[in-house]
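Written out below as structure tokens is the structure these notes cover.
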Amino acid sequence: MSAQLQPRRIEIEVPALHPAQQQIVNEARRFNVLACGRRFGKSLLGIQLALYMALEGYPVAWFSPTYKMLAEIWRDMSNIVAPITKRKDVQGHRIELVTGGLIDMWSLDTADSVRGRKYKRVVVDEAAMVPGFQNAWEAVITPTLMDFVGDGFWLSTPRGMNFFKQGFNNGQDPLNKEWASWQYPSSANPFMPPTEIEFQRQSLPELTFKQEYLAEFLQSEGAVFRNIEPNLIAPMDARPEDHRDHRKVAGLDLAKKHDFSVLSIGCADCKVEVAMERFNQIEYKAQVSKVVRSLRLWEVEQILVDATGVGDAVIELLESELYGKARTV
Ligand SMILES: Nc1ncnc2c1ncn2[C@@H]1O[C@H](COP(=O)(O)OP(=O)(O)OP(=O)(O)O)[C@@H](O)[C@H]1O
Ligand SMILES: [Mg+2]
Ligand SMILES: [Zn+2]
């Protein structure tokens, strides 16, 4: 005789959503784009969105831009669902719940392994940072939603006018009933001390603050890479050895508009930015030697320098240090 099954009640603890997070849940449509400042509570909301569906017994998927970012979220998620976990595959980042629900967590630097799965909901964290996000979304992720007619959430701080912005625009279009989008500054999170945000406003260049804390879509974030697609953002863990025989180019924007100089290095073959550095209040001579060090490390072939407003002496210094690889504009 089989044992009598006792209904069990297990509780898991999640914080109550703050009002802006709750509004997003209430107004959600099939595809949802959240443009929010840093520390708004994007990831926490995303975890709960995935969780609701998995508690209903459905398979859901989480996507992070890189393996490193995934590792952190995986830890948070697996701790929260520990009391209702039936089976956990640490290697494959998969959790089966006692509800019958399933949570798969993927890093988008290996998006292709997702093919063949089906989900009721997908959550893409920091979507604006994903290089090649349009292709990952269209070719790999949306097909996984077809079986269940599933829904999707993109959570991100903006990164210029890229595919994430297109999704945001879809959500703002009243004729587009499938999409919804929201824009919230970091200060919409009542758990963030306003003094901290004020501190950031005072210490960051204006444009950086606008993007990161006010969630504004900027034309170009002080970068000189105007001829390269803006959605190709440096993966935080790019390594020179991964682009060894590729053609690397760089843009250098010497401090003037704001008090930062920005060096951006891109791989022309992979069409991604591989490194981005800012220099603050360092004299030009020191800046040039830092720039030269980075260019050697990445074996950059060509560098475009936007030197409007800086003196001839600096330009001469750069040109002599960079052996004719530099072109100033
Ligand atoms: N509803 C909430 N209740 C309590 N604390 C919250 C809530 N939402 C967010 N927080 C807290 O705010 C902080 C930021 O949350 P979270 O990491 O989710 O934000 P984020 O927008 O993903 O940040 P980042 O831009 O750094 O990725 C965390 O300490 C989190 O615990
Ligand atoms: Mg986050
Ligand atoms: Zn490359």
Original post:
So if we plug the beta-carbon distance of Asn176 and Ser289 into 1/(1 + (r/R0)^6) with R0 = 56 Å, what FRET efficiency do we get, rounded to 0.05?
Top reply: 0.65
Original post:
Of the accessible area of segment 126-172, with the probe set at 1.4 angstrom, what percent is carbon plus sulfur?
Top reply: 49
Subject >> Antiparallel DSSP beta bridges within the chain, as percent of all bridges there, nearest 5 >> reply: 40
Subject >> Normalised contact order of segment 240-328, rounded percent, pairs of Cα under 8 Å and 6 or more residues apart >> reply: 30
Subject >> Sequence of Asp112, Asp242 from largest to smallest accessible area, 1.4 Å probe >> reply: Asp112, Asp242
Original post:
Roughly how much of Thr142 is accessible, in Å² to the nearest 10, using a 1.4 Å probe?
Top reply: 40
Original post:
Do the sum for the chain: with -39,500 (n - 2.57) for every DSSP H run of n ≥ 4, divided by all residues, what is the mean residue ellipticity at 222 nm, to the nearest 500 deg cm²/dmol?
Top reply: -8500 deg cm²/dmol
**OP:** With an 8 Å cut-off on Cα pairs and a minimum separation of 6 or more residues, tell me the relative contact order of the chain in percent.
**Re:** 17
**OP:** Under 14 Å from a label point 7 Å along Cα→Cβ of Val149: give me every residue in segment 173-187 with its amide N that close.
**Re:** 178
**OP:** Please tell me the relative contact order of segment 19-195 in percent, rounded to the nearest whole number, where contacts are Cα pairs under 8 Å and at least six residues apart.
**Re:** 35
**OP:** With a 4.7 Å Cβ cut-off, tell me which Cys residues in the chain come up empty for a partner.
**Re:** Cys36
Original post:
Contour minus end-to-end for Leu218 and Val98, with contour as 0.36 nm per residue of separation and end-to-end as the Cα-Cα distance?
Top reply: 38.7 nm
**OP:** Under 14 Å Cα to Cα from Lys177, which aspartates and glutamates show up? Leave out anything in the same chain fewer than 8 places away.
**Re:** Glu27, Asp151
**OP:** Could you state the accessible area per residue of segment 19-195 in Å², with a 1.4 Å probe and every protein chain left in place?
**Re:** 43
Subject >> Heavy-atom accessible area order for Phe163, Phe63, largest first, 1.4 Å probe >> reply: Phe163, Phe63
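The values are calculated or read from the model by the stated rules, or taken from the named source; none is laboratory data. It should be emphasised that the depicted structure is a prediction, and the values quoted were computed from it without experimental measurement. Cβ coordinates were reconstructed from backbone atoms using ideal geometry, including for glycine residues, and neighbour counts include every protein chain displayed. Ligands, DNA and RNA are stripped out before the accessible areas are found, and what is left, the full protein with its side chains, is counted by its heavy atoms. Shrake-Rupley method; radii C 1.70, N 1.55, O 1.52, S 1.80 Å.
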